Amino acid sequence: MISVSLVPYVSNHDLNNVSIDGFAYRDFCLQFKAGHPWATKKAAMMVGDGLKGNNMENVVFLCVPASTRRKNTRRYQRFSSMVCSICGAEDGFSYLWRDSDYKAEHLSRGHYNPEAHTSQLLINEDKISGKKVVLFDDVCSSGHTMQAAIGEIQKHGGRVAIAITLGRTVHRA
């Protein structure tokens, strides 16, 4: 599996001594998470252009669901459609979801609270089984959420070929 992060992301805990570029990348990620059209379009072009030219036959593009259905729709529905129209993958926006909303709790520096993720990921097995998957998440801090999604996809017969995150949390010393 190939794993790619497009920009560095600085968490709240590490905002001291951040470069101007660091603040710009952080703002881009936050604007994407909020569903702002300019950030959605920019991210879709970055991901779609990166995938374009590869054989996308039998490939499903999935986004790791956000903490609530409302956030998930705002953040990913248009984005997923745009990425797939650029690269030719099957739009799997509706194939992976959470059974309930949960309170997002982002911890850094290796701390993980499994109780923070009280909802389970659900998947449409008929749409995933036997297919290659490109999996996308907005920001990766610990990798636990991405790993849970990969496990769920594999359990239902899919194979994650590429895992992409818009931002990867970097920690300053």
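Taken together, the values in this text are just the output of simple stated rules run on the coordinates, not laboratory data. Since we're looking at a predicted model, the values are computed, not measured. All Cβ positions, even for glycine, are placed from backbone atoms using ideal geometry, and neighbour counts span all protein chains on display.
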Worksheet item: Mean residue ellipticity at 222 nm from the helices of the chain, using -39,500 (n - 2.57) per DSSP H segment of n ≥ 4 over the full residue count, to the nearest 500 deg cm²/dmol?
Response: -10000 deg cm²/dmol
Worksheet item: About its Cα centre, how strong a charge dipole does the chain have in debye, to the nearest 20, once Lys and Arg get +1 and Asp and Glu get -1 at the Cβ?
Response: 260 debye
Discussion item. To make sure I understand, if each residue's beta carbon is the centre and we count other beta carbons within 10 Å, what order do Ser67, Ser81, Ser94 fall in, fewest to most?
Written reply: Ser94, Ser81, Ser67
Worksheet item: If we count trypsin sites (Lys or Arg not before Pro) as exposed when they sit in a DSSP loop and have at most 15 other beta carbons within 10 Å, what is the longest stretch of the chain that avoids them all?
Response: 110-171
